[in-house]
Each structure stands twice: as C-alpha cells, then as structure tokens.
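Here's the structure, in structure tokens; my notes come after.
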Amino acid sequence: MLQADADKTKAAILAKRTPVQKFGSTVVSDVATDGCRRPINNLIDISAEVAELVKAEDCTGKTKDKQFIADFVTSYIMGLPDPFSVVQVLMDNATRGSWPLIEAKCPWVVVGPCEPHVSSLEVADICKLPFFKAVIKKVHVVRKFILNHQKALATFKSLAYGMLTQPGATREATVFYGFTSFLQNIDAISQTLTSQKVVQYVRANRGQRATPESRTLHELFTEAKDFATEADLQPQIELCQQVLKPIVMLLRLANSDRPSASKIQYHKFEVQEKLKALTVPEPAPWAEGEYDWDEMLQEIVAIHRCRNIRAGSQAHALCGRP
C-alpha cells in the first residue's frame, strides 16, 4: 500500500510538471519561520497555475547575504534536467542585491519582486509622508482611546455602525481599511467623546495613569476629543483614501486567485494616471501653507514609479498566462 501510494504521488508530481515543457516555470523564493523559530528558506516552482514546493532549507546560523541567496536559487535551477525551463524568479524586495548575481549565472532568467509586496511597500512609503503621518496619528489616537477604555467602548458600541478596524503591523494596506471603518463610524466617534457618560468617567478618573511615566486619562481624552471633533479631519481622511484606494485595489488584484501579467501592468498604468489626476478639495483640508499639494503629489507619483521598477508580473507568478 505504501509503494502504491508513493507511485501515485510520483505520478501526480510528473503530471503537474508537464506544463513546464510548454510554458516554462517561475521560481518563487522566500524565508519563513517555522514553529521552532528556525528560518526556513523555501523555493516554490510554478507553471500554468500549478505550484510545487521543491526545496526547503534550514538557514539557522548562516549569513543570509546576497551570495547565499543567489546560490540557493541558482543551485536549484542549474540542477534541473532543463535549466532553461525556468524563465522568471520572484523574490522579496529585501533580496534585491542577489538579483544581478542570479541573472549573471542564469542570463535567460528575469528576476523581480512579487507584486503584492511591491504594492504593500508602496502604501507604506506613502504613509510616511508628513500629511499622511499626521492623519494616521489622529485616527490612531482616537481609536486607541475608545478601544482601551471600557466606558468609551461601551458607549461607542451602542452608537456605532460597526467596530473600528485595527491596522495590521505588517499589512500596510490595512491602514486604508482603518480609514474606511473610521469614516463609517465618524458620527458615533464624535458622539462617544462628547457623551456625558464618558465625560463624567474621565472627570472622576482624570489623574489615572497606565504607568507612572504615561500621560493622565484626562490628557489622553482631551487629545482624542480634539482630534475627533476637528472640522478638517473627515476631508483629510477622505483625501488619504482617495490616494491609497487605487494602490490597494491593485494589491487586491495581485493577491487574488487569477491575476495575469497584462492585467497587473494595465492596472499599474491606471494607478499612475489616477494619482496624477488627483486634486485637493476646496478649501484644502489643512491650514494654509502647511502642506504643498503639488510637491506631495510629485512624491506620491515618484514612489509609485520607483516601487514598480522591475516589478514581477503577479503574486503567484502564473507563467502560463500572458
């Protein structure tokens, strides 16, 4: 029975490898941490929508420099019966230094970053711009106060459309969804921070601190309330959403089951055109002279172009699909 099962598995693997002869394949490399906290370098070979884990190596104690990563990938390619069947390698952006080494040893191979990672880093770069940082801080301060204080949270839940979304630590696009949930609940947020129950709670515990070094409850409440009731906060968030939306939509496409190279490239161009066409609502949602929109827009477009240099065709490198 074991032999029969092994033969069946081998036959399935051979069947999956058949499309390589027709379409070629893409190798995807990335490092993951296993349950024992060991860094495992993985290689996945993909052709015509079929993915196969072909190599996994424990890198504990090894210096994962550009030469090590290049050797890890090229040793697999050169060990194949037909090395020329691999036409593309997609990798983490952090491994960019190894790309020329791979292309030098395997000149028929094109190396680039995976598209979701590119778009995610693009969102992260835009969110580092001064205007975006300021808006994100305001949203974070208000959200944190409501979620961290039971009286405020209970009041908010009785008024809200839904819960406030918490951005993921390494999922930059979740900032966009955080903005969306904030806008959906913006009236409930304002009502919560001006309600008598919350005001009385703060007044009764105004000197309370989480730690001796932290700010008092009254200081935290005052800051959150000032931000939440700011007249320009809603148009500021809407402008941030307007900038991030096309990039997040591109990221969702790249992360979907069926992205294609032509779709991704078209949407990249579309994102660039949408960013160029952005305009600031009148009056501008910030104090006069505080931000230069034209300069900010140039930076945003430059970030998009820079992040998409040599970007890979799609998330899962479906080589068989143009």
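Exactly one of (1) assigned to a helix (DSSP H, G or I); (2) under 22 Å from E52 (Cβ atoms); (3) in contact (Cβ under 8 Å) with a residue 60 or more places away in the chain; (4) not β-branched (V, I, T) is unmet by E122. Its number? If we test E122 against (1) assigned to a helix (DSSP H, G or I); (2) under 22 Å from E52 (Cβ atoms); (3) in contact (Cβ under 8 Å) with a residue 60 or more places away in the chain; (4) not β-branched (V, I, T), just (2) comes out false.
Apart from one condition, V135 fits all of (1) part of a helix (DSSP H, G or I); (2) among the β-branched types (V, I, T); (3) in contact with a Lys or Arg (Cβ under 9 Å, 6 or more places away or on another chain); (4) under 30 Å from S119 (Cβ atoms); the exception is (3). For region 141-169, the set of residues classified as of a type in the set (V, I, T) and without any contact (Cβ under 8 Å) to a residue 24 or more places away in the chain consists of T165 only.
No other residue among L217, L244, L251, L233 is modelled with pLDDT under 95, more than 21 Å from K128 (Cβ to Cβ) and in the same structural domain as L297 (by TED's automatic domain parsing) apart from L217. Return the residue satisfying two criteria in turn: it lies in region 98-119 and is hydrophobic (A, V, I, L, M, F, W, C) and part of a loop (DSSP other than H, G, I, E, B), and of such residues it is nearest to L250 (Cα to Cα). Per the criteria, the residue is C114. Residue check: is A94 out of contact with any Cys (no Cβ under 8 Å at 6 or more places or on another chain), of a type outside the set (D, E) and at pLDDT below 85? When the stated conditions are applied, A94 passes them. Restricting attention to region 28-84, the residues being in a helix (DSSP H, G or I) and touching a His at 6+ places or on another chain (Cβ under 7 Å) number 0.
Taking the criterion of being within 32 Å of the chain's Cα centre (by Cα) and not polar (S, T, N, Q), the residues of region 190-214 that qualify are L193, A210.
Candidates A231, A254: the one that is surrounded by 19 or more Cβ atoms within 10 Å (Cβ to Cβ) and either closer than 20 Å to K138 by Cα or among the aliphatic types (A, V, I, L, M) (or both) is A254.
Does K138 qualify as being of a type in the set (K, R) and touching a residue at least 60 places away in the same chain (Cβ under 8 Å)? Considered against the rule, which asks whether it is of a type in the set (K, R) and touching a residue at least 60 places away in the same chain (Cβ under 8 Å), K138 comes out as yes.
P81 satisfies every condition listed in (1) within 18 Å of A32 (Cα to Cα); (2) loosely packed, with under 15 Cβ neighbours inside 10 Å except (1). Once region 85-97 is narrowed to residues that are part of a helix (DSSP H, G or I) and under 20 Å from V54 (Cβ atoms), the residue that is farthest from the chain's Cα centre (by Cα) is S85.
The values are calculated or read from the model by the stated rules, or taken from the named source; none is laboratory data. Predicted, not measured: the structure shown is a model, and the values here were computed from it. So basically every Cβ, Gly included, is an ideal-geometry build from the backbone, and we count neighbours across all protein chains shown.
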